[in-house]
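These notes are about the structure you will find just below.
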Amino acid sequence: MPTALVIDDSSATRMILARILTEIGYTVEKAENGADGLEKLNAMPKPELVMVDWNMPVMNGYEFIQNARALPQYDDVTLMMVTTETEIEQVLKALEAGANEYVMKPFTKDVIHEKLILLGLGAR
Amino acid sequence: MALNPADFAYLANYVKSSTAIILTPDKDYLVESRLAPVARRVGVNGIAELVGALRKNSSPHSEIGQLISEAMTTNETYFFRDVKPFDVLKTTLLPEAIERRSQDRTLNIWSAACSSGQESYSIAMTIKEHFPQLSNWRVRLFATDISKSMVERTREGIFSQIEINRGLPATMLVKYFTKSGSEWRVKPDLTKMVEASTMNLAGQWPLLPRMDIVFLRNVLIYFDLDTKRAIMKKVVTSLSKGGTLLLGGSETTMNVSSDFDRLPSGDSFYYKLKESAALPNSAHARGVRFGTSPAMTSQTLS
Ligand SMILES: C[S@@+](CC[C@H](N)C(=O)[O-])C[C@H]1O[C@@H](n2cnc3c(N)ncnc32)[C@H](O)[C@@H]1O
């Protein structure tokens, strides 16, 4: 079973995303901010997918992506930003830092499914 | 306050004759939810009164008739819907069509039930992204729909945040869209590729240029078998020799048309017009003007 990591400081969002991913067969780990995310990333079996919020205390999602992309062992991990940031500049910035996809909040289950299919994930 | 059976039958009959969309009695919830706003808009008290008003003025061009027909269309769509058809487009259909048309360097592609335009722009982005060699070809992307408001939206190429969240790769969002306020606008080099106009697939067809690739996706499902067959016959005559067709995920030519071969592409498939079904290509048929007015039905292919 593929694993995924969900990083968001809102427990409600963590729960919603985890449920969507669990339904399609992922084993899901959760983290509350970028630093917590890096720790979990290191402790868990290498995930196929990480969903990460942008604005979080301690370490934000942008910094998380920079940090994760600096570690070559995670090159093949798909990173998806899920955030309330909706300006083109931010999308660009996230992509340049190494995000593979970008979802704007609010989202629905369909939105997540459609993005996963785009990435060649989730259609199992 | 559901409709009584006679009113429902009258309405279903009207919707079928104006759009070919089939409303079975189990769709009463759909009728309610779609027509209640129309009733409010035209200022009548509930949908029974709305049907009463329709009985008095049932010409397909009456405002009330048009509002009802539009309301009964399902416009659900999103960018790169199902992904695979666009992979097929990229890996097989466009390369093949480019080879077939290398002499006259024109390509005609048709999104035959375009809804709000996501399909048309997904095709346009695929072309821009992967086929730079087409930049000095004449590539025409036709987009038609029975719904005036959907055609208008396709022409404008303006999408909400909810819509750009759906199926659109972030890399394409940043490349082909601009944001103004809460709206996302497709850039002009894409909107100018798309020629949008209203067209009822089940009505008389305008004279169409010969198409090389047709997207006829997620629209036949709303029609009965006879209508599907009749439409597919006309699709056949609209295609150029070697022309190809993509249907929706739950649609097939089986029982509907025997004029296509179902061919594999990657882990998906597409339909190709059989050699025996192709009409002779004429230069004229490719250059036809199209999309000026919905009333231009004087010449048809049927
Ligand atoms: C579900 S959408 C499909 C949009 C797009 N092709 C896709 O696959 O995402 C169906 C569209 O068919 C249009 N439609 C319904 N009846 C039609 C008819 N008789 N002629 C042309 N378009 C029709 C509707 O207005 C609606 O926009």
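The values are calculated or read from the model by the stated rules, or taken from the named source; none is laboratory data. The model shown is predicted, which means the values in this text are computed figures rather than measured ones. Methodologically, a virtual Cβ is constructed for each residue, glycine included, from the backbone with ideal geometry; neighbour enumeration extends over all protein chains shown. Surface accessibility is based on the protein's heavy atoms, side chains included, excluding ligands, DNA and RNA. Shrake-Rupley method; radii C 1.70, N 1.55, O 1.52, S 1.80 Å.
Charge dipole of chain B (Cα centre as origin; +1 on each Lys and Arg Cβ, -1 on each Asp and Glu Cβ, all else neutral): 780 debye, rounded to the nearest 20. Just checking the listed ones, B:Arg262, B:Arg105, B:Arg40: in the Gaussian network model of chain B with Cα springs under 10 Å, the one fluctuating most is B:Arg40. In a reduced charge model with +1 at each Lys and Arg Cβ and -1 at each Asp and Glu Cβ, the protein assembly as shown shows a dipole moment near 1640 debye about its Cα centre.
If you run the Gaussian network model on chain B, springs between alpha carbon atoms under 10 Å, then out of B:Tyr271, B:Tyr78, B:Tyr29 the most flexible one is B:Tyr29. Straight-line cross-link reach from B:Lys192 at under 17 Å between alpha-carbon atoms covers these aspartates and glutamates, not counting any fewer than eight positions away in the same chain: B:Glu119, B:Glu129, B:Glu152, B:Glu156. Among the DSSP beta bridges whose two residues both lie in the protein assembly as shown, what percent are antiparallel, rounded to the nearest 5? Around 30 percent antiparallel, to the nearest 5. Taking all protein chains together and a 1.4 Å probe, the residues B:His61, B:His130, A:His113 rank B:His61, B:His130, A:His113 from largest to smallest accessible area. Counting only lysines at least 8 places from B:Lys56 when in the same chain, those with an alpha carbon closer than 21 Å to its own are B:Lys16. Cross-link reach is defined here as a Cα-Cα straight distance under 24 Å, omitting same-chain residues fewer than 8 places apart; for B:Lys187 the lysines meeting it are A:Lys93, A:Lys105, A:Lys115, B:Lys90, B:Lys128, B:Lys148, B:Lys175, B:Lys179. A simple rule links phi to the HN-Hα coupling: the Karplus curve 6.51 cos²θ - 1.76 cosθ + 1.60 with θ = phi - 60°, which for region B:4-15 gives 6, x, 5, 5, 4, 5, 4, 4, 4, 5, 4, 5 Hz, with x for Gly and Pro. Taking Cα atoms only, the orientation of helix B:47-56 departs from the longest principal axis of chain B by about 80 degrees.
Comparing A:Ile24, A:Ile88, A:Ile16 in a Gaussian network model of chain A where C-alpha atoms under 10 Å apart are linked, the largest mean-square fluctuation is found at A:Ile88.
Measuring with a 1.4 angstrom probe and ignoring ligands and nucleic acids, B:Ser276 comes out at about 110 Å² accessible.
Against chain B, whose longest principal axis is taken from its Cα atoms, helix B:118-130 shows a tilt of about 10°.
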